[in-house]
Structures are given as C-alpha cells and as structure tokens.
1. Given a Förster radius of 22 Å and the C-beta distance between T6 and K225 as r, what FRET efficiency does 1/(1 + (r/R0)^6) yield to the nearest 0.05?
2. Taking 41 Å as R0, compute the FRET efficiency from the Cβ-Cβ separation of N43 and M64 and round it to 0.05.
3. If you average the C-alpha positions of segment 137-196 and of segment 70-117 separately, how far apart do those two centres end up, in angstrom?
4. Would you mind calculating the gained length between E168 and T233 on full extension (0.36 nm times residue separation, minus the Cα-Cα distance), in nm to one decimal?
5. Which value in nm describes the separation of the simple spin-label points at E55 and R22, placed 7 Å from the Cα toward the beta carbon?
6. May I ask you to compute the full-extension gain from E72 to A129, defined as 0.36 nm times their residue separation minus their alpha-carbon distance, rounded to one decimal in nm?
7. Tell me which lysines have Cα within less than 24 Å of K225's Cα, excluding those fewer than 8 residues away on the same chain?
8. If exposed means no more than 16 neighbouring beta carbons inside 10 Å and the site is in a DSSP loop, what's the longest run of the chain without any exposed trypsin sites (Lys or Arg not before Pro)?
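Every number here is computed from the coordinates shown, using simple stated rules; none is lab data. Note that this is a predicted model, so its numbers are computed, not measured. Note that each Cβ is placed from the backbone with ideal geometry, even for glycine, and that neighbours are counted across all protein chains shown.
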Amino acid sequence: MDNLRTVRAIFFDLGDTLINSRIFGPNGELKAVEEVVELVHLNRPPSDYLSLSDEAGQVIGALMEKGRPPGESLQEYGTRLLTAKYAKLIELMGGVPDEASADQVFRACLSGIATADSLFPEAREVLEALKGRYRLGLLSNNIVEYVRGPLEHLGLERFFDVVVISGEENTRKPEPAVFHRALERIGAKPSEAMMVGDSLLEDVAASQRVGMTAVWVNRSGEKPKLEVKPDYTIGDLRVLLELFEDLA
C-alpha cells in the first residue's frame with residue numbers, strides 16, 4: 001500500500017475501463033448502418049450487421065499484419081483500417097464497396113459510436129469521488145473521434161486535467177514515450193502516478209516499465225494470459241476508492 005501514498009495523478013484507459021466496448025462499438029455501428037443502409041444501397045437489412053461485423057473486422061487484422069507504412073500517422077492509419085472494415089461490410093451486405101460509400105458509413109459510425117450510452121455503471125461515481133483529490137488523466141489508444149466524441153456525449157471531459165490520445169500524439173501504448181508525455185503534461189513523476197486499464201500489455205506492463213503504479217481492471221475475472229504482475233487487480237472501479245480509503 002506504500003506506493004499508493006505517493007500517488008498524485010491517476011490515468012485511466014477508456015475502452016473496457018470506463019466505457020463498455022461491447023456496447024460502444026456494435027450499438028453505435030448498428031445505429032450508423034441503419035442510417036445509411038438506403039444511401040449506399042445495401043440489399044440486406046441493418047440487423048444483419050451484427051452477424052457480419054466480425055467477418056468485416058478481419059480486414060483490420062489482415063492490414064495490421066502488414067504494418068503501418070513509413071510516414072503514415074497513427075490517426076491516418078487507424079482511419080484507413082476502419083474505412084477498410086466498413087468497405088468490407090458494405091460488400092457483405094450486398095452493396096458496392098466504393099471509397100465514397102465506405103467513407104459515408106465510417107462517418108456515420110463515428111457519430112453513432114460517439115452517442116452510444118456505454119459508460120460502466122460505477123465509472124461516473126468513481127471519477128466524481130477522485131476529482132479534486134487527485135489529478136486525473138485519460139490515456140487512450142484510438143483515433144481522435146473515437147475518444148473525443150464519447151467524452152463529450154457522456155459528459156466526462158470535465159473530470160480530466162489531461163487527455164492523451166494516440167491519434168493526436170502519433171505514439172501509443174505500450175511505447176514509453178506516450179507515458180512520459182502524459183506525465184509531463186499532468187505534472188507528476190512516474191512514482192507519483194497510477195495507470196488504470198484493462199490491458200495487461202498496454203496499460204499494466206507498459207506503465208510499470210516507466211515506474212508508475214499499475215491497476216489491472218479485470219471485470220471478467222479471467223486468469224492473466226501474460227506473465228505480468230499488476231500492483232493491484234480490481235473487478236470494479238469502486239475498489240479504487242476502497243484502496244485509497246484504506247490509507248486514511
């Protein structure tokens with residue numbers, strides 16, 4: 001518990017830490033497909049999207065295996081991967097996957113995902129309790145729109161002193177540079193900061209390597225698949241409050 005006594009700043013991941021990606025992604029994308037199904041002349045009903053999403057998403061995996069070309073920013077790379085996914089989705093749903101149609105679905109999905117009600121039930125309560133006692137930051141690997149949109153819609157922006165997004169920074173977790181940049185902006189040393197996230201590699205191991213305290217959010221209770229030892233493991237963000245209360 002001694003490492004908690006030095007904590008002045010707490011960084012949170014976004015997806016599957018504060019918001020539920022199982023709602024955030026599919027619900028927002030389905031809403032978007034419903035809006036554009038006639039515009040891009042799809043022959044299958046929007047409800048078919050959910051059964052085709054995984055197949056369409058395989059395009060992203062195939063492109064990621066090829067790597068990011070030199071000179072392409074993370075924002076450009078992420079946008080290209082997602083647009084390719086939606087082009088494949090249009091094809092699977094009986095449409096013509098031209099660039100304009102794919103971009104139309106992509107833009108609609110940005111709007112749909114931004115307005116999905118995906119916040120974990122306890123997240124706002126925990127942020128409210130910590131705000132003012134600690135400096136709070138958000139550190140997320142994603143394109144800008146997939147972070148800024150939900151933050152605004154869910155009213156979370158006011159909680160964070162610092163928001164660091166890989167799409168803006170052109171560096172991402174688990175790279176040390178993005179952690180050092182976040183720490184500098186929030187005004188804390190690594191020993192004074194905590195990272196809270198669901199990824200053992202990108203949130204836990206990476207933050208520990210730069211000297212931060214790491215909290216693994218393990219909502220499913222799964223056994224670790226990597227040989228990584230979080231400083232703390234929690235299944236609910238409210239446990240964070242209990243950890244800090246124990247210091248009193």
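1. With R0 = 22 Å, the Cβ-Cβ based efficiency is 0.15.
2. 0.90
3. 24
4. Length gained, E168 through T233: 20.5 nm.
5. Going from the E55 label point to the R22 one covers 2.3 nm.
6. So the chain would gain 16.5 nm between E72 and A129.
7. Within the straight-line limit of under 24 Å, K225 reaches these lysines: K173.
8. The reported range is 9-132.
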